[in-house]
Every structure is written in C-alpha cells, then in structure tokens.
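What follows is a set of notes on a single structure, which appears directly below.
Rule-based calculations on the coordinates, nothing more; no lab input. Note that this is a predicted model, so its numbers are computed, not measured. FYI the Cβ positions are ideal-geometry reconstructions off the backbone, even for glycines, and counts take in every protein chain you see.
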C-alpha cells in the first residue's frame, strides 16, 4: 500500500491508513447520545459559564420547534450573523433539527456583501446579534428576508458579568437595540417553545447541512455546500490524528477562530462532539486581552489558530 500511497509511511504509528467505512450518522446523533449518556458534562465554555450537552440539546430542540412554527421547512436556508457564542450552536443544531441548511455569514460584511450573500443562497430567516441588527434591517426587503430574530451577547454570560455588561457596556458598545414590531427576540422564542415537540424531520448524512463562503480571493465569494456526513468524516479523521494527545471529556478544545469559516466550522467543531471534549468559544479573536484571560481560565489542551494569531 505504501508503494501506491507513499505518504502513509510518514503517518504516526497509531494512525490508521484509513478509517472507512464512516458511520451512517450526523452530529445530531452525537449530540443526542452525549445528552443521554453524559448530559451534565460541559459541551460549551463561554466567558466563565458552561453549557451542558443536555442544555444544548434541549435548547436546540426548542429552536427547531420555533423555526418550524415560523415556517422553516426541510431544505430552507437560515442565515446566522453571529460571532462565536452559545447562540451560534443552539441555532445551528436547531436549524438542522428542523431540516434546514445553516448559512453562517461574516459579521464584518458590509450591507452590500450581506445582501449579495443572502440573495444568492435564498435565505428566508436570519438570526442576528444585536450590534449587526441595523445592517440587516437596512437590506431586509431587498434580500428577501421574511423574519429577523435578534439575540444579545449577554444572554449566556454568567450572572455578574451579564449585570455589569448591561450597566456599563451594552448601550455604549451598540449592543442595545429597539426591536421592530415584526421581529422576534431569540430568548422568548426558545422559552415559548421549550415544551413543544421538535419537528418530525429525519436528517440523513447525505443531506445538505451548511453553505459556507469560499475565500473570494479571485472575486465574489461563492457558497460552498457541506453535507452532514462531511462533519462526521472530518471529526473522525481529526480524532484519529489527535487521539494520542487528547483525553476525552477532560481536555478543552479552544476555538477563537470564527465559526462562519470552514476551519472552525468543519475543521474543529466536529472533533469536540466526536472525541468528545468541551469546546471553549471566543467571540472576538482580535481581543487579545480576552483571549489570554480565557486561556488562563479554561487551560485548553488544544488551541486552534492561524499563524498571525
């Protein structure tokens, strides 16, 4: 085999030449199993707070029910204009449970770029962080968005930090908004659907899961479709290469890279659920002070970055 594939001779001794066949599963199956068997263990770490697998599973069930009530059907595209925060994963898993396709967008996109991306993918619903709300409202009609759902970064902060943010930073940093009468807040929406049954949708590995923007280095970024099985393939491959250095359920994977990008979304995220390992998410990789504070706080075993970071 090494004669045909000479690179195999350079694999670590504990890395198999192939891990095919891949299981006929999705990340939804991994989350459901973790919620049943390790429900109290932390899935996400964010600003000193933790969210368990059971909480993530329950909240994403509510999100799926809410989206279905808002008319989201299998195959529909739902956009996310969010940094790395618990709402991103709640919404992502919720969209998948409703049979939808996740469209994560870069929060620093201009109005023109947002309009072009939303129009190209045909998104009907968007979940947006409050500082980006005005940008979305300015293009909503032209982009064909029929529903805007807003969320605040403070909603999953620890109680004291949430209070301090509300008193001293929310208004000053543009996080406090007045919501239009036809828009919705994410938190009340989740609360109102907390006991609603999730949609009776079967999600298969070959179904579309995500549309991520290409680099756009030679022109306008193009939407690249990822399937549910791609997450499993990536997660299993990543685990095969890192298993000798990773202690499941104990080691923390730190993710400061944005989840609208393929590296974080498909190149890191699935490992956290396949291993499994708590995922420490950082909303702004350019805030080096917060980044260093988070490193001291969670003591990650894995740090995912790019050379400049």
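Some notes on this structure:
- Size of the stretch 87-245 as Cα extents on the principal axes (Å, biggest first): 46, 39, 37
- Order of 81, 189 under a 10 Å beta carbon neighbour criterion, fewest first: 189, 81
- Here the stretch 151-309 is treated as a sphere whose radius is the Kirkwood value from Cα pairs; by Stokes-Einstein at 4 °C and 1.567 mPa s it diffuses with a coefficient of 69 µm²/s.
- Helix 159-168 vs. the chain, principal-axis angle (Cα, 0 to 90°, nearest 10): 50 degrees
- Distance between modelled label sites at residue 204 and residue 243, nm, 7 Å Cα→Cβ extension: 2.9 nm
- Debye intensity ratio in log₁₀ form over the Cα atoms of the stretch 72-156, taken at each q of 0.21, 0.26 Å⁻¹: -0.94, -1.39
- Using 0.36 nm per residue and subtracting the Cα-Cα separation, the extra length available between residue 112 and residue 195 on full extension is 26.0 nm.
- With both residues required to sit in the stretch 1-117, DSSP beta bridges show an antiparallel share near 50%.
- Computed over all pairs of different Cα atoms, the Kirkwood value for the hydrodynamic radius of the stretch 147-238 is 17.5 Å.
- Length-normalised contact order of the stretch 1-122 in % [C-alpha pairs under 8 Å, at least 6 apart]: 19 percent
- In this simple spin-label approximation, residue 163 and residue 33 carry label points 7 Å from Cα along the Cα→Cβ vector, and these lie 4.2 nm apart.
- DSSP bridge pairs, the chain: antiparallel proportion in percent, nearest 5: 30 percent
- Normalising the average separation of contacting C-alpha pairs (under 8 angstrom, six or more residues apart) by the number of residues puts the relative contact order of the chain at 20 percent.
- Taking the longest Cα principal axis of the chain as reference, the axis of helix 111-121 is set at about 60 degrees.
- When the inverse distances between all different Cα atoms of the stretch 1-143 are averaged and flipped, the Kirkwood radius reads 17.6 angstrom.
- In plain terms, the residue of 73, 112, 147 with the fewest other Cβ atoms within 10 Å comes first and the most crowded comes last, giving 112, 73, 147.
- At full extension, residue 9 and residue 73 could sit 18.3 nm farther apart than now, given 0.36 nm per residue minus the alpha carbon distance.
- Each of 96, 185 was scored by other Cβ atoms within 10 Å of its Cβ. Listed from fewest to most, they are 185, 96.
- Each residue, residue 173 and residue 218, gets one label point 7 Å from its Cα in the Cβ direction; the gap between the two is 4.0 nm.
- Compactness of the stretch 114-158 as Cα Rg over 2.2 N^0.38 Å, two decimals: 1.23
- The chain: radius of gyration over Cα atoms, expressed as a fraction of 2.2 N^0.38 Å: 1.00
- By the Stokes-Einstein formula, at 1.306 mPa s and 10 °C, the stretch 223-308 with its Kirkwood radius over alpha-carbon pairs has D equal to 119 µm²/s.
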